[in-house]
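Peer 1: One structure coming up, written as structure tokens, with questions to follow.
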Amino acid sequence: MDAHPIHKLAMALASVAIIASACAGGTTTPTETIRPIVTAAPSSAPTEAPTSVPTAAPTLGFTPGTAASPRIIEMTADDLLNFTPGLVQAAVGETVTFRIHNVGTAVHEFMIGKLDDAFADVEGTPEVADIGPDQTADLTFTFDGTGPFGFACHAPGHFEHGMAGYIELVGPGAPTVGTKAAPRIVWLNMDDSFRFMPDSVQVATGETIRFVLTNSGKAVHEFQVGPADKVAADEVDGVVVVEADALDAGSTHVVDYTFDGSGPYAYACHEPGHYEAGMKGTIDLIGG
């Protein structure tokens, strides 16, 4: 946890108002900004090969696109330097047409491909540039291989601000166990109900998970993950317990974590009053 008592006092006062208003309902459409990945430092303990997570037969919530009939995914780019959505699901081998609508006044671009290439602006990575205000541009891409894949805007300063996103491969042929080179994506949502959704995640022993964290509410949150007792005690060290702090309203952040210990593990938000209100989750470690 951060060591700024003024911040803690301010957030404690803010939380009282937010907790009171949470019961009043209301929804907020999130704007998503991908922040830099926070990664657990390598453990000195020996690691075992990840154990496969038992899964049911994959069921897709969409019909995969083909080269002859791509699936269309609508996206927006805005002046907050966000892509919405910041996380997209795709099937291995499917063809998707990304339709990007610029709803702001800044000029954007959209690059998609292998994650490292898209984030590093590697020449030859598929992109559409100069998407002006109120313009819409299409880019069609086939997800050959198992990735990981990502997308980004490399207009001056935009990627550095966090204008990027991730592809989660799902269905037949998609990786079922994450590695450090290709973490498995787990999406977590948080809002003004002071809950993580989902509040339980199944992980294989030795597996690396990339938590993609979206704050769809108004309250500021944080995300800690690590051994359950240390997370409960708010003992963040950046090695065993890793944290993404100050998750602003409407933003998306990313944390990588390798579960190479014996557990139990957990995750939580320790913004003032949030943990006490029930903002915590458990890791179901398979093979531990």
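Peer 1: Which percentage, to the nearest 5, of the DSSP beta bridges contained in the stretch 90-245 is antiparallel?
Peer 2: Numbers: 22 of 31 bridges.
Beta bridges within the stretch 90-245, antiparallel portion: roughly 70 percent.
Peer 1: Ok, one more. In the stretch 71-170, what % of DSSP beta bridges are antiparallel (nearest 5)? Walk me through the numbers on the way to the answer.
Peer 2: Values: 19 of 31 bridges.
Looking only at bridges with both residues in the stretch 71-170, the antiparallel portion is about 60 percent.
Peer 1: Further question on the same structure: Residue by residue through the stretch 158-169, what is 3J(HN,Hα) from phi via Karplus (6.51 cos²θ - 1.76 cosθ + 1.60, θ = phi - 60°)? Round to whole Hz and write x for glycine and proline.
Peer 2: Result, ordered by residue: 6, 5, 4, 6, x, 8, 7, x, 10, 10, 9, 6 Hz.
Peer 1: Below 8 Å between Cα atoms, with a sequence gap of 6+, how large is the relative contact order for the stretch 71-170 in percent?
Peer 2: On the way: 241 pairs, mean separation 35.4, N = 100.
The value is 35 percent.
Peer 1: Determine, at each q value in 0.10, 0.16, 0.23 (inverse angstroms), the log₁₀ of I(q)/I(0) that the Debye formula gives when each Cα of the stretch 71-170 is one equal point scatterer.
Peer 2: -0.22, -0.58, -1.24
Peer 1: Would you kindly state how much longer the chain becomes between Thr179 and Leu80 on full extension, computed as 0.36 nm times their sequence separation minus their alpha carbon distance, in nm to one decimal?
Peer 2: Values: separation 99, 0.36 × 99 = 35.64 nm, distance 3.23 nm.
Difference between extended and current length: 32.4 nm.
Peer 1: Still on this structure, please answer the following. Report the full-extension gain for the segment His161 to Val128: residue separation times 0.36 nm, less the Cα-Cα distance, to one decimal in nm.
Peer 2: That pair, His161 and Val128, stretches by 9.9 nm at full extension.
Peer 1: So what's the net charge close to Gly104: Lys and Arg +1, Asp and Glu -1, counting the other residues with Cβ under 11 Å from its Cβ? It would help to have the intermediate numbers written out before the result.
Peer 2: On the way: positive: none; negative: Asp78, Asp79, Asp134.
Result for the local shell: -3.
Peer 1: Follow-up. What full-extension length gain, to one decimal in nm, is calculated for Ala249 and Met197 as 0.36 nm per residue of separation minus the Cα-Cα distance?
Peer 2: Working: separation 52, 0.36 × 52 = 18.72 nm, distance 1.58 nm.
Stretched out fully, the Ala249 to Met197 stretch lengthens by 17.1 nm.
Peer 1: Starting with the fewest neighbours, write out Val122, Val107 ranked by other beta-carbon atoms found within 10 Å of each beta-carbon.
Peer 2: Result, fewest neighbours first: Val122, Val107.
Only the coordinates and a few stated rules stand behind these numbers; no lab work does. On a predicted model such as this, the values are computed, not experimentally measured, just so you know. Glycine also receives a Cβ, built like all others from the backbone with ideal geometry; neighbour counts cover every protein chain displayed.
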